[in-house]
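These notes concern the structure reproduced below.
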Amino acid sequence: MTDLNGVTRKFLMGEWKKNPSVRSYFKTIGNILENIRGGSQSEKLRISEAKHHLREMRKLVYKLEEKVQLLEEQVKVLEENKEKDIVDE
């Protein structure tokens, strides 16, 4: 069930204006899919397939986030080395 106090607080504090993260999008979509009750067998299969695709997308995005973090760290080290080389000259 939705936390109305939390939603109201976020609205009043202006927190709803912040850009949501990819993880929050996944969580929201997952919650929506969990609450959908398919009437027919084919609808249930489509919902199940959508949940599976969401899990796979989540795994891929997490791997991409890890790679981005690693690359950001490497760039930071390269920039530090460049600054060090400039100071040494």
How high is the FRET efficiency between Q69 and I32 when r is their beta carbon distance and R₀ equals 30 Å, given to the nearest 0.05? 0.60
Estimated FRET transfer efficiency (L60, K84; beta-carbon r; R0 41 Å; 0.05): 0.70
Radius ratio Rg over Rh of the chain, counting only Cα atoms, Kirkwood formula for Rh: 1.24
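Quick note: the coordinates plus some simple rules give every number you see, no bench work behind them. Note that the structure is predicted; figures quoted are calculated from it, not measured. With ideal geometry, Cβ positions are generated from the backbone for all residues, glycine too; neighbour counts draw on all protein chains shown.
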